[in-house]
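Quick notes on the structure that follows.
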Amino acid sequence: MSEEGRAVIDTAARQLNVGAALLALAVLADSGLEHYRGSFRNRAMYAPLVSAMLALGGSVYGMLDRRTVRHPVRDAIYALAAATGIAGLGFHAYNINKRPGGWSWLNLFYAAPIGAPFALTLSGFLGRGAEKARTLRKSRADMILGIRVQRLLAAASALGLAGTAGEAALLHFRGAYHDPAMVLPVTVPPVAAALLGAAAVAPNRRTHRLARGWLKLTALLGFAGVGLHAFGVARNMGGWRNWSQNVLNGPPLPAPPSFTGLALTGLAALSLIEEIERVG
Amino acid sequence: MADRYPGYDVLAKRESPSWNAQTRRVIEERLALDPDRHSFFTDDEWPTVRAVCARIIAQEIGDAAEVPVAAMLDEKLAQDARDGYRDSRLPPQREAWRRAVQALDAESAARHGFRFHELAPSAQAKLLELCHRGELHDGAWGDLSPAEFFGKRLLHDVVGSYYAHPTAWNEIGFGGPASPRGYVRMNYDRRDPWEASEARPGRENQAFRENLRIFETNARRLRHESRSLGGDESSAGAASRPRALGGRAPNVFRAGAWVPMREYPLDEPVDFVIVGTGAGGGTLACRLAEHGFSVVALDAGPYWRPLEDFASDEHHQQKLYWTDERIVDGENPLQLGANNSGKSVGGSTVHFAMVSLRFRPEWFKSRSLLGYGADWPLDWREMWKYYRQVENALKISGPVRYPWGPKRPRYPYRPHELNAPALALAESAEALGIDWAPTPLATLSAPRGRAPPCVYRGMCVIGCSTNAKQSVLVTWLPRALTAGAEIRDLSMVGRIEHNASGRVTGVHYHREGRWHFQRARNVVVAGYAIETPRLLLNSASSRYPQGLANSSGLVGRNLMVQANQAVWGLLEREVRFYKGPPSLAISEHWNYNDRGKDFFGGYAYMSQGPLPQLWSRVNSSKRGFWGERLRAQMQEYNHQVGLKIVGEFLPQERNGVTLTEERDQYGLPVPRVTYSWCENDKRLIRHALGFLRQAMHTLDARDVWEETDDTCHLNGTARMGDDPRTSVVDADCRSWDIPNLWICDGSVFPTVGGVNPSLTIQAIACRTADRIKALAARGEL
């Protein structure tokens, strides 16, 4: 295997760590804020903070680690993150279900957000992917569950983007799409997700080029979203001077970077597919 | 008395975002009040007044923490600030107080040989107890009934003053002022870091530490933020000097700012002069101006800028209510003022509870379809279209799917999060197996233009200081100004003029100390169900001796309020019903379900959140609590929960508005409002109270009691119909008698239904504007 090819795979692997780090950061900040808002009524509400902090640390370590072997501690941390996310889904579903109205629009809007913990699972899964990617070799078919690893990572990123767009759609519907910019996260990422999904199923140069473009746009949108949400906080009564209320009741600042994280893992997965499967 | 909220002090938040400049001004004045200051009562009367107040509140005179209740009472009487109604059995408040103070002293002298204030506290309390029960008979009372005075005058004035004071707020753990910052955590047993922590048994120290933290957080703020009162200092003057003058009107979205306003001369007739700018008049002014008519809209109240004029304070915000005196009588005399009348540009929508409901379709034909009341000359499908128009204009926040009635389009904005009292309603409804829903409310759940979303400060019915509330003041009226309408604030219309041919020619109105006459081709009366008939009756002439538009004799008759009974109880959990809009959850089950009813009509019921002053008055006037008992009951404030109905009362010709010989500050006759419930009304109340008691039972509430006699809203008194003999106006709100005289407000309702009327009033106004446009196009105006 050429030095160049090895470098591409290593870079992609570390880029997966970056994506996982961004997701973990978003979860850390978001669950920190939201669970503070929920007064940490249940001790389990600390779990995602601990798990996301570990995932963040592990990912940063991974970003800096140039060795081409899996790291057992990082592997364990990512597994914990994925598991915490799954458990979180259960807790959130329970919270929705026990409220008057059950699975109603009202509770989907205001009870524990049903999709949010999944971001932690994604961070864990894609982080594990980063570890696995370090061991990938060109022209070798490494499989998980009978699916080629790089394609599985692309599919997972696509699914994550679609899910995150779904959550944005729900919460922006709650905000009645009062600002035209609120349409962006429910249009751009789904296109990127569809193209990425297509690339995972049947890689070809044209799909890849398109997918890369839309993924980059999505990554940018994740950054811009923080700015738009900061503007949204300012539009609430008292603006930033009333931060102790508006940061909690206004649009969530840490939510949009999830898009950036998933776009980065998607781009990394595309690189892996291209390099390993010689697309193009 | 146990310190339930140790270390808590609302004043610690004075420099925090919980207080705006106007609130700081208002509360500072109250704190500066000398407990011994008096200008209405004489030095001779004063010790008695202070002693009476001390007993009613159970506080010691001269105590460092004494709340200046007597001084606040004196201030009210010195200004002669009224409540908006007076029981016909009572003299005006000044006279009542004077006579009662003298009578109490006389009673005391006769029984004990001392003046009242010289008695031991226990003897004073005993004497007041007798007064409460009506068992005092000294000649000094004259025709003043001691029990009536005690229940309707003394408790109302004294108790309300105490609970308007920060000391009382600390005692009951009330959040206090809340603007611009409101609240975030609204579920049971949740509190924001800036709310009082309750010392439940075993956690007294923790509560103390948490309450101290509020103090410490804000001490840091004091060092970091320089203090500025800011705002428009002249806002205090808004109540006395007109603002909409000189080609400009207040910009309601920015402190101190203005918007251009077109002005019309007095002597050239405008197309429409509209009397009143509330749900009827304000909406109509907007739509007529947008249809291209020249419009001048007059309102007796001031033109507020909510952001700078509104304090987070019940006592101060009484400035929004119609508190001019009205005499009330009948078997069930009404309480007027706060709950049902507004005197502001924007009318009572400036302080309404924002509940925006559609009528049940059958109610428009209740006589033909349901067998009671009277039919409306309107078709529900057409009204459905106008409801939609209004819901869009106000960006109503409502449920995605509404459980009752025919399919309706989705509300423009999503529902609000529920607070604890709303969750209680939802839980109990589910336990009883009936539907409930988040209430469709005219307050924003997302930003709109310059208006921010609701901050859940819970002070909706004393005026929204953030503009999240979609009142007429911040929705229709800015549009009206843009479309070229002129709005004249502080303009009280006293009389409508007509010419020899019987057509009306304009209105006489009082502004800046003088009477003016505005000429107009059409006059629209939109003063709500008391002022509208009052103006029509007061405009009587030799040609129309019964008053204008009154050939049917029905002007002023068929007044309909709505049943507003409640069941209250205490929960183990913390509820803190001061947070969030008061009625976040609703059930219209008994509006749409007629099975098992022994009465005509229906009722909706909603969750509740009265603020401390109102709540203390409910406890004193409805339960007869005062002294230690009231203070102890009020300490349960944060555990209180309640369900309240809006129920349909039937139209009766005996209920209504007439004129008395008494004159008000404009020299106009004071209206008399007569009300008695009919058998059907009483059956509806019985049914509702029984049902709500069941609902309260499912919540395991304790100390459950029924508030049996409250009412809300005013409708009827100029009903619309198909027949000039049995109605005052036609379906277009045009009077049968005078073709260029229109009535457009809640007065035109033939029946009231079991929902809050504001959405229907606005829908009718929108329809009327469209009809006028159509009639004008055909040359039929």
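The values are calculated or read from the model by the stated rules, or taken from the named source; none is laboratory data. Values in this document were obtained by computation on a predicted structure and should not be read as measured data. Cβ coordinates were reconstructed from backbone atoms using ideal geometry, including for glycine residues, and neighbour counts include every protein chain displayed.
Tell me, which helices (runs of 4 or more DSSP H) wholly within the range A:21-117 include 2 or more residues that are free of Cβ contacts under 8 Å to residues at least 24 places away in the same chain, surrounded by fewer than 20 Cβ atoms within 10 Å (Cβ to Cβ) and more than 13 Å from chain B (Cβ to nearest Cβ)?
Answer list for the range A:21-117: A:47-64, A:72-98.
When you scan the range B:198-211, how many residues do you find that are buried (at least 21 other Cβ atoms within 10 Å of the Cβ) and either outside any helix (DSSP H, G or I) or within 14 Å of another protein chain (Cβ to nearest Cβ) (or both)?
3
Quick check on my filter: what residues within the range B:422-460 are more than 25 Å from B:Glu574 (Cβ to Cβ), more than 7 Å from chain A (Cβ to nearest Cβ) and in contact with a strand residue (DSSP E or B) (Cβ under 8 Å, 6 or more places away or on another chain)?
Correct list: B:Ile434, B:Asp435, B:Pro440, B:Ala442, B:Leu444.
Restricting to the range B:254-312, name every residue that is surrounded by 24 or more Cβ atoms within 10 Å (Cβ to Cβ), of a type in the set (D, E, K, R) and under 29 Å from B:Arg495 (Cβ atoms).
B:Arg287, B:Asp299
If a residue has to be surrounded by 24 or more Cβ atoms within 10 Å (Cβ to Cβ) and either closer than 24 Å to B:Asn340 by Cα or without any contact (Cβ under 8 Å) to a residue 12 or more places away in the chain (or both) to count, how many in the range B:445-455 make the cut?
1
What number goes with the only condition from (1) within 15 Å of the chain's Cα centre (by Cα); (2) modelled with pLDDT of 95 or more; (3) surrounded by fewer than 20 Cβ atoms within 10 Å (Cβ to Cβ) that A:Pro180 does not pass?
Condition (1) is where A:Pro180 drops out.
The conditions are (1) modelled with pLDDT under 95; (2) under 30 Å from B:Asp143 (Cβ atoms), and B:Glu66 fails exactly one of them. Which is it?
Unmet condition: (2).
One line per residue, one yes/no per condition, for (1) away from chain B (no Cβ under 14 Å); (2) closer than 28 Å to A:Tyr36 by Cα; (3) part of a helix (DSSP H, G or I):
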position: A:Ala165; (1), (2), (3): yes, yes, yes
position: A:Leu170; (1), (2), (3): no, yes, yes
position: A:Leu184; (1), (2), (3): yes, no, yes
position: A:Ala198; (1), (2), (3): yes, no, yes
position: A:Arg206; (1), (2), (3): yes, no, yes
position: A:Arg241; (1), (2), (3): no, yes, yes
position: A:Ala263; (1), (2), (3): yes, no, yes
position: A:Gly266; (1), (2), (3): yes, no, yes
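(1) touching a residue at least 40 places away in the same chain (Cβ under 8 Å); (2) in contact with a Phe, Trp or Tyr (Cβ under 8 Å, 6 or more places away or on another chain): which one isn't true of B:Ser108, the others all being true?
So B:Ser108 meets the others, but not (1).
Quick one: which residue in A:Leu248, A:Leu210 is assigned to a helix (DSSP H, G or I), surrounded by fewer than 23 Cβ atoms within 10 Å (Cβ to Cβ) and facing chain B (nearest Cβ under 9 Å)?
A:Leu248
How do the strands (runs of 3 or more DSSP E) wholly within the range B:494-608 filter down when requiring 1 or more residues that are within 28 Å of B:Asp271 (Cβ to Cβ) and aromatic (Phe, Trp, Tyr): which remain?
It comes to B:504-511, B:514-525.
If I ask for residues that are closer than 29 Å to B:Trp568 by Cβ and either at the interface with another protein chain (Cβ under 9 Å from one of its Cβ atoms) or in contact with a His (Cβ under 8 Å, 6 or more places away or on another chain) (or both), which ones from the range B:405-421 would you list?
Correct list: B:Pro415, B:His416, B:Glu417, B:Leu418.
Here are B:Ala774, B:Ala731: which of them is at pLDDT 95 or above, closer than 30 Å to B:Tyr544 by Cβ, part of a loop (DSSP other than H, G, I, E, B) and of a type in the set (A, V, I, L, M, F, W, C)?
Result: B:Ala731 is the single residue among B:Ala774, B:Ala731 that is at pLDDT 95 or above, closer than 30 Å to B:Tyr544 by Cβ, part of a loop (DSSP other than H, G, I, E, B) and of a type in the set (A, V, I, L, M, F, W, C).
Filtering the range B:205-254 down to residues that are among the acidic types (Asp, Glu) and at pLDDT 75 or above, which residue is nearest to B:Glu195 (Cα to Cα)?
In this case the residue turns out to be B:Glu210.
Please pick out the residue among B:Pro478, B:Pro453 that is assigned to a loop (DSSP other than H, G, I, E, B) and either modelled with pLDDT under 95 or closer than 25 Å to B:Ala763 by Cβ (or both).
B:Pro453
Given (1) on the phi < 0 side of the Ramachandran plot; (2) within 27 Å of the chain's Cα centre (by Cα), identify the lone condition not met by B:Met354.
So B:Met354 meets the others, but not (1).
Considering the range B:581-594 alone, what residues qualify as being out of contact with any Cys (no Cβ under 8 Å at 6 or more places or on another chain) and either modelled with pLDDT under 95 or buried (at least 20 other Cβ atoms within 10 Å of the Cβ) (or both)?
Correct list: B:Ser583, B:Leu584, B:Ala585, B:Ile586, B:Ser587, B:Glu588, B:His589, B:Trp590, B:Asn591.
Across the range B:384-404, what is the total count of residues that are in a helix (DSSP H, G or I), within 13 Å of chain A (Cβ to nearest Cβ) and surrounded by 16 or more Cβ atoms within 10 Å (Cβ to Cβ)?
1
Suppose the filter is farther than 25 Å from B:His117 by Cα, of a type in the set (Asp, Glu) and assigned to a loop (DSSP other than H, G, I, E, B); does B:Asp63 pass it?
Criteria not met by B:Asp63.
Restricting attention to the range B:551-564, which residues are under 29 Å from the mean Cα position of the chain (by Cα) and surrounded by fewer than 24 Cβ atoms within 10 Å (Cβ to Cβ)?
B:Leu554, B:Arg557, B:Asn564
For the range A:16-62, give me each residue that is among the hydroxyl-bearing types (Ser, Thr, Tyr) and more than 27 Å from A:Leu270 (Cβ to Cβ).
Scanning the range A:16-62 gives A:Ser31, A:Tyr36, A:Ser39, A:Tyr46, A:Ser51.
Given the options B:Asp664, B:Asp681, name the one that is in contact (Cβ under 8 Å) with a residue 60 or more places away in the chain, buried (at least 18 other Cβ atoms within 10 Å of the Cβ) and of a type outside the set (S, T, N, Q).
Step by step, each of B:Asp664, B:Asp681 is checked, and only B:Asp681 is in contact (Cβ under 8 Å) with a residue 60 or more places away in the chain, buried (at least 18 other Cβ atoms within 10 Å of the Cβ) and of a type outside the set (S, T, N, Q).
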